[in-house]
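Data first, discussion second: the structure below is written as structure tokens.
The values are calculated or read from the model by the stated rules, or taken from the named source; none is laboratory data. Keep in mind that what you see is a predicted model, and the values were worked out from it rather than measured. For neighbour counting, all protein chains shown are included, and Cβ atoms are generated from backbone atoms with ideal geometry for every residue, glycine included. All accessible areas refer to the heavy atoms of the entire protein, side chains included, with ligands and DNA or RNA removed. Shrake-Rupley method; radii C 1.70, N 1.55, O 1.52, S 1.80 Å.
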Amino acid sequence: TTQGYNNLVNTTKYRAVVKDGTCTQLNSTDVTITVRANLNAGSIASIQTICNNTSPAAFTNSSSPTGGTGSYNYQWQKSTTSAVAGFSNISGANSSTYNEPGNLTVNTWYRRRVTSGSCGSKNSTAVKITVRADLNAGSIASGQTICYNTSPTAFTNSSAPTGGTGSYNYQWQKSTTSAVAGFSNISGANSSTYNEPGNLTVNTWYRRTVTSGSCGSKNSTAVQV
């Protein structure tokens, strides 16, 4: 008998060599120790950038696990800390893919933990979901008091929009109802400022609608003339 095998990294055969004095040496039948390939967690896809309070697309199986016993159990995890720390299990997320991440408001990392029987567990490389800041329409200036049938001065960009995709489209609107209702688009008024309001004979409110790609639209606070 023998004891104290070293750890194996390759499939290895063993046999006993039997010798009795000067008699002929005999070998036992070989026994094979099969060493499974090292467990590899595979990879997941994909890195995404999304709008605030929206859901990323489903995470797919970019490459399947290999090695280990050949039978795999999955547990998806997420972290709002970093790609290597702060991870916790996502309840019920036990498939090779993950389809229901839900809406996010902060940057979040996802990874897939793969367990293969007695061969332990390995984590995939985490993928980052970057969440854009919430769209803010900025502000316009300024409220004015003018004489009947005269024109207000130009409306300026008091503070620029922020958040969203970082790319903005503008539409100026006006209302003769109130600061929060009755608004309609002003044809051709598509800049960050509005210079040609024309002569007014009734109290009028102006606001700027800002659209940022797939991140939707927001209105500035209206100013009254």
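Overview of results
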{"quantity": "Accessible surface ranking that places the most exposed of Phe87, Phe59 first, with a 1.4 angstrom probe", "calculated": "Phe87, Phe59"}
{"quantity": "Isolated Cys residues of the chain, judged by Cβ distance under 4.7 Å to other cysteines", "calculated": "Cys23, Cys119, Cys147"}
{"quantity": "Debye-sum result for the range 91-148 in log10 I(q)/I(0), which assumes one identical scatterer on each alpha carbon, at q = 0.29, 0.30 Å⁻¹", "calculated": "-1.28, -1.31"}
{"quantity": "Reduced Cα scattering model of the chain, Debye log10 I(q)/I(0), q = 0.14 Å⁻¹", "calculated": "-0.90"}
{"quantity": "Rounded to whole Hz, the Karplus (6.51, -1.76, 1.60) HN-Hα couplings of the range 171-183, x for glycine and proline", "calculated": "9, 7, 9, 9, 8, 10, 9, 6, 6, 10, 9, x, 7"}
{"quantity": "Accessible carbon and sulfur surface of the range 1-82 relative to its total accessible area, %, 1.4 Å", "calculated": "46"}
{"quantity": "Under Karplus coefficients 6.51, -1.76 and 1.60, residue-wise ³J(HN,Hα) of the range 83-93 in Hz, glycine/proline x", "calculated": "6, 10, 9, x, 7, 9, 5, 9, 4, x, 8"}
{"quantity": "DSSP bridge pairs, the chain: antiparallel proportion in percent, nearest 5", "calculated": "95"}
{"quantity": "Net charge of neighbours whose Cβ lies under 15 Å from the Cβ of Gln224, counting Lys and Arg as +1 and Asp and Glu as -1", "calculated": "+3"}
{"quantity": "Net charge over other residues, Cβ less than 15 angstrom from the Cβ of Thr108 (K, R count +1; D, E count -1)", "calculated": "+4"}
{"quantity": "Table column - 3J(HN,Hα) (Hz), the range 184-200, Karplus curve with 6.51, -1.76, 1.60, x for Gly and Pro", "calculated": "9, 5, 9, 4, x, 8, 10, 10, 5, 10, 9, 9, 10, x, x, 6, 10"}
{"quantity": "Per residue, in Å², the accessible surface of the range 66-225 once ligands and nucleic acids are set aside, probe 1.4 Å", "calculated": "52"}
{"quantity": "Value in Å of the Kirkwood radius, where the range 16-108 supplies the Cα pairs that are averaged", "calculated": "17.4"}
{"quantity": "P(r) of the range 70-109 over all Cα-Cα pairs, binned every 10 Å from zero, in whole percent", "calculated": "27, 53, 18, 2"}
{"quantity": "Diffusion coefficient, µm² s⁻¹, Stokes-Einstein with Kirkwood Rh over alpha-carbon pairs of the range 94-198 at 25 °C and 0.890 mPa s", "calculated": "131"}
{"quantity": "For the range 114-186 versus the range 60-85, the gap between their alpha-carbon centres in whole angstrom", "calculated": "36"}
{"quantity": "Gln144/Ser167 FRET efficiency (R0 35 Å; Cβ-Cβ; nearest 0.05)", "calculated": "0.70"}
{"quantity": "Neighbour cut-off at most 11 other Cβ (10 Å), DSSP loop, chymotrypsin sites (Phe, Trp or Tyr not before Pro), the range 108-162", "calculated": "Tyr148"}
{"quantity": "Neighbourhood charge, 13 Å Cβ-Cβ cut-off, centred on Ala137 and excluding it, Lys, Arg +1 and Asp, Glu -1", "calculated": "+2"}
